[in-house]
Amino acid sequence: MPTALLQAAGRPLLGDGDRELLRARAGEGVRRARRSGECMVAITVALAPSVDPTAVAVASRRPGEDWFCFEHPDRDRFALATVGRAAALDDRGDGRFGRVAARWRELLADAPGEDGGAVAVGGFAFAPDGGSTPQWAGFEPASLHVPEVALARRGEQVTLTLAAVAAPDDDADALCARLLERAASLRSAPLPLLDPDPTGRYRVASAMPPEHYESAVARAVERIRAGALDKIVLAREVQVHAPRAHDPGAVLGVLREAFPSCFSFCAGRGESAFVAASPELLVRRDGLRAGTLALAGSTRRSADPAVDDHLGEQLLRSDKNREEQAIVTRRIVRALRPVSVWVTAAEEPVIARMANIQHLATPIRAQLARPVSAVELAGLLHPTPAVGGEPFAAAEPLIPALEGLDRGWYAGPVGWTDANEDGEFCVALRCALLTGAVARCYAGVGVMGDSDPAAELAETEVKLQALLPVLAG
């Protein structure tokens, strides 16, 4: 049974002082909007440490509205969950990262009061105009949305932020009342569980025959050996048709428990939800510090520790995987240097182990020379050779031609940015787009000159195991 969201001491969610501050900011926001066109209004309050942001978002979301959850349990229990939409920062085409970042900056510029809790959440398609097919409706090529409600957890600190964008013709009292009503509607309940004994049959099928994927890899190998490019990443889509609608809240609950070292997220737009347990950080910005992770080259896990260690050692010694990893590292370092005082990467890759797969990983850190926003940094780095190719100019037209699918947000940046333009974006991997009873799962591999088509197909099957057992009953 959902329960009303209260603070630890049993007080109302917003006390009298909070309400007065919200009324004052709403009034000032409307006055400033009449000068500048629109103005952000936000207020942040503390919640009890026991509040689960994701559980609140899942229980409180309204049919058809935006909602977003983003967790990294192993990183100080970080969680960010949002519902509703106060503003949409959508764009498409080349330069979309910079334009979205500028729009967010403008929205914050005249906001009354200091409120670091305001956030914009969402993602970007892999391609500048990606996501044009019907299944990706609502997931624009560049799409950060400012939520009405945002709950954030870092360690034992949990906060709630209410936000609205005041327009010149808004009534301050009505705007304030709308946010107070939304706060009063928030509920918390345990995340739904997957049905342990589902009725009906699940059907799992590749969107295209596996032979098509092997053929695409073989053609890519020919291009690489001919000198057209060094590497290309090719993905495939596998669909899970369920006897009833997939429940994104239940799926997310399983992912965050099973993959605590990954970024578990869900972006709900309209009737669809994009869920993932991604191992790959694209960029994290904290002031003038930036961090990322070059992740490329993978192998399976084993329940036998000795076999698992042996597989990891083979991965470390694999020339093909080492070169694939080095290509990613070099490109990331090269992209960060023009905006950084210094950039440093680990001399040797390490093994990053997830629940069902292990990767070669190289941590990379940078000291920025100027305050480049998290969104703009994501635009500088996307797409890395881990999801695109090298050189990307040669790989870019080949990817859709060989894959035969619209990647949408798959392999694009998904995450958040705050009022300081800090933030965090992961790469949307180990993911699925849920629409009713259909789940579209995506997985890809890096193709090199010595790639074997059958082996690359098998590697996609390993990566798909992050979600297929959860989605297919």
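The values are calculated or read from the model by the stated rules, or taken from the named source; none is laboratory data. Note that the structure is a prediction, hence the values are computed from the model and not measured. Here the Cβ positions follow ideal geometry from the backbone for every residue, glycine too, while neighbour counts run over all protein chains shown. To get the accessible areas, we keep the full protein, side chains included, count just its heavy atoms, and leave off ligands, DNA and RNA. Shrake-Rupley method; radii C 1.70, N 1.55, O 1.52, S 1.80 Å.
The largest accessible area among Met208, Met354 belongs to the first residue in Met208, Met354, and the rest follow in falling order (1.4 Å probe, all chains).
Taken over region 389-435, the ratio of Cα radius of gyration to 2.2 N^0.38 Å equals 1.49. Using heavy atoms of the protein chains and a probe of 1.4 Å, the accessible area assigned to Arg300 is about 120 Å². Calculated from the alpha-carbon coordinates, region 266-420 shows an Rg and a Dmax of 16.8, 48 Å respectively.
For region 222-227, backbone phi angles converted through the Karplus equation (6.51, -1.76, 1.60; θ = phi - 60°) give residue-by-residue couplings of 4, 5, 5, 5, 7, x Hz, Gly and Pro being listed as x. Once Rg and the Kirkwood radius are both taken over the C-alpha atoms of region 101-181, their ratio Rg/Rh works out to 1.04. Normalised by 2.2 N^0.38 Å, where N counts its residues, the alpha-carbon radius of gyration of region 361-424 equals 1.34.
Hey, what angle do you get for helix 319-336 against the long axis of the chain, alpha-carbon based, 0 to 90 degrees rounded to 10? Once rounded, the angle reads 40 degrees. For region 382-414 versus region 63-96, the spacing of their alpha-carbon centroids is 22 Å.
For region 246-335, applying the loop criterion from DSSP together with a ceiling of 16 other beta carbons within 10 Å to the GluC sites (Glu not before Pro) yields Glu271.
Based on Cα contacts under 8 Å between residues 6+ apart, the chain shows a relative contact order of 21 percent. On a per residue basis, the convex hull of the C-alpha atoms belonging to region 29-155 measures out at 139 Å³. Against the chain, whose longest principal axis is taken from its Cα atoms, helix 392-403 shows a tilt of about 80°. Contact order for region 430-473, expressed relative to its length and based on alpha carbon pairs under 8 Å spaced 6+ residues apart, stands at 41 percent. Here the scattering of region 201-298 is modelled by Debye summation over its C-alpha atoms, one equal scatterer each and no solvent; at q = 0.12, 0.21, 0.24 Å⁻¹ the log10 of I(q)/I(0) is -0.68, -1.18, -1.23. Each part reduced to its alpha carbon centroid, region 269-305 and region 346-377 end up 10 Å apart.
Placing unit charges on the Cβ atoms only, positive for Lys and Arg and negative for Asp and Glu, gives the chain a dipole magnitude near 380 debye about its Cα centre. Summed over qualifying helices (DSSP H, 4 residues or more, each -39500 (n - 2.57)) and divided by its residue number, the chain shows a 222 nm mean residue ellipticity of -10000 deg cm²/dmol. The slack between Ser302 and Arg34, meaning 0.36 nm per residue of separation minus the straight C-alpha distance, is 90.2 nm. Relative to the longest principal axis of the Cα atoms of the chain, the long axis of helix 16-36 makes an angle of roughly 80 degrees. Taking amide H as placed 1.01 Å from N in the peptide plane, Ala142 has its amide H under 5 Å from the amide H of Asp91, Ala125, each at least 5 places away in sequence or on another chain.
Karplus-based coupling profile of region 273-279, in residue order and whole Hz: 9, 9, 10, 6, 10, 8, x, with θ = phi - 60° in 6.51 cos²θ - 1.76 cosθ + 1.60 and x standing for Gly or Pro. Per residue, the convex hull around the alpha carbon atoms of the chain comes to 144 Å³.
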